[in-house]
Amino acid sequence: RTLVFDLLGDLYTMPIAGGTATALTNGMPFDAQPRFSPDGMHVVYVSDEDGGDNLWRLELATGKKTQVTRGKTTRYVSPPWTPDGQYIVSARAPFRGGNTKLWIYHRDGGNGTQLISTTVSPATQAHSGPALSSDGRFVWYAERNGAWHYNANSPQYQLVRYDRETGRAVAQTFNYGSAARPTLSPDQRYVVYGSRFESQTGLRIRDLNSGDDRWLAFPTQRDDMESRAALDACCAAKAFTGSLLGGS
């Protein structure tokens, strides 16, 4: 019933029906890309509060902040939680250049581990925008073949689904306009993702039972597929409520 979002480097919450936004963070740090924990008691986000981009966890009841990752030479993108609320998945890469890969961390910190091995996904492929199924078995993400470069041609990204039990990664889209930033509905029936038609970006929705794939909203804000995508390639839907889109 509540949205969490970032605006100009600070985090806010707001009732999903609309109303007044409440600030969660403020000050010099640049805080972005927040996600509620499954129990709604914490928010994970990316911040440069300690001088470099890292994952942080905020306890909503007390305002207590916990630094999950450490270092000043790494960047993190789009961190969702695992369904049990114990782990956080994030795309990670060297701060200056390099392909993002999916890593998983315990909510209390630690070194983490790379989620998808190089035998499944070569080093030349970049991953971003992870989204987990409700049982935690499948990880949807956007895959880019290669790093950023000038005069990039479409398609730049396609959606892939990784099976944590079998270790297999299977492509889910072959769109000329690319596909990025997947979001699954709570009942696992739909996936929403960002795509492009000609020069404009929109949101597409796919029924995973029937395979029907259509525009949900077009156009929306511009994507970031042709750059380094420091804050992910596209701002697709971040939340569903029932069978309707609840946040963006």
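For region 193-208, how many residues are open to solvent by less than 20 Å² (accessible area, probe 1.4 Å) and in contact with a Pro (Cβ under 7 Å, 6 or more places away or on another chain)? Lay out the reasoning, then the answer.
Step one: of region 193-208, the residues open to solvent by less than 20 Å² (accessible area, probe 1.4 Å) are 193-195, 201-203, 205, 207.
After this cut, where a residue has to be in contact with a Pro (Cβ under 7 Å, 6 or more places away or on another chain) as well, the list is 193, 201-202.
So the answer is 3.
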How about region 178-192: which of its residues are in a loop (DSSP other than H, G, I, E, B) and open to solvent by less than 60 Å² (accessible area, probe 1.4 Å)? S178, A179, S185, Q188
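Select from region 35-77 the residues that are under 19 Å from T2 (Cα atoms) and hydroxyl-bearing (S, T, Y) and write down the one among them that is most open to solvent (accessible area, probe 1.4 Å). Working first, answer last.
Here is the first cut: in region 35-77, the ones under 19 Å from T2 (Cα atoms) are 35-45, 57-63.
Add one more test, that the residue is hydroxyl-bearing (S, T, Y), and what stays is 37, 45, 62.
On the way: S37: 8, Y45: 0, T62: 96 Å².
For region 35-77, the residue satisfying everything is T62.
Is it the case that R1 is open to solvent by 60 Å² or more (accessible area, probe 1.4 Å), in contact (Cβ under 8 Å) with a residue 12 or more places away in the chain and farther than 24 Å from A180 by Cβ? Outline the logic, then answer.
Details: open to solvent by 60 Å² or more (accessible area, probe 1.4 Å): yes; in contact (Cβ under 8 Å) with a residue 12 or more places away in the chain: yes; farther than 24 Å from A180 by Cβ: yes.
So R1 fits the description; yes.
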If you go through region 139-158, how many residues are modelled with pLDDT of 75 or more and open to solvent by 40 Å² or more (accessible area, probe 1.4 Å)? 5
Pick out the one residue from T124, T119 that is open to solvent by 30 Å² or more (accessible area, probe 1.4 Å), among the hydroxyl-bearing types (S, T, Y) and without any contact (Cβ under 8 Å) to a residue 24 or more places away in the chain. T119
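The values are calculated or read from the model by the stated rules, or taken from the named source; none is laboratory data. Computed from a predicted model, the values in this text were never measured in an experiment. Using ideal geometry, Cβ is built from the backbone for each residue, glycine included, and neighbour counts are taken over all protein chains shown. Only protein heavy atoms, including side chains, enter the accessible area calculation; ligands, DNA and RNA are left aside. Shrake-Rupley method; radii C 1.70, N 1.55, O 1.52, S 1.80 Å.
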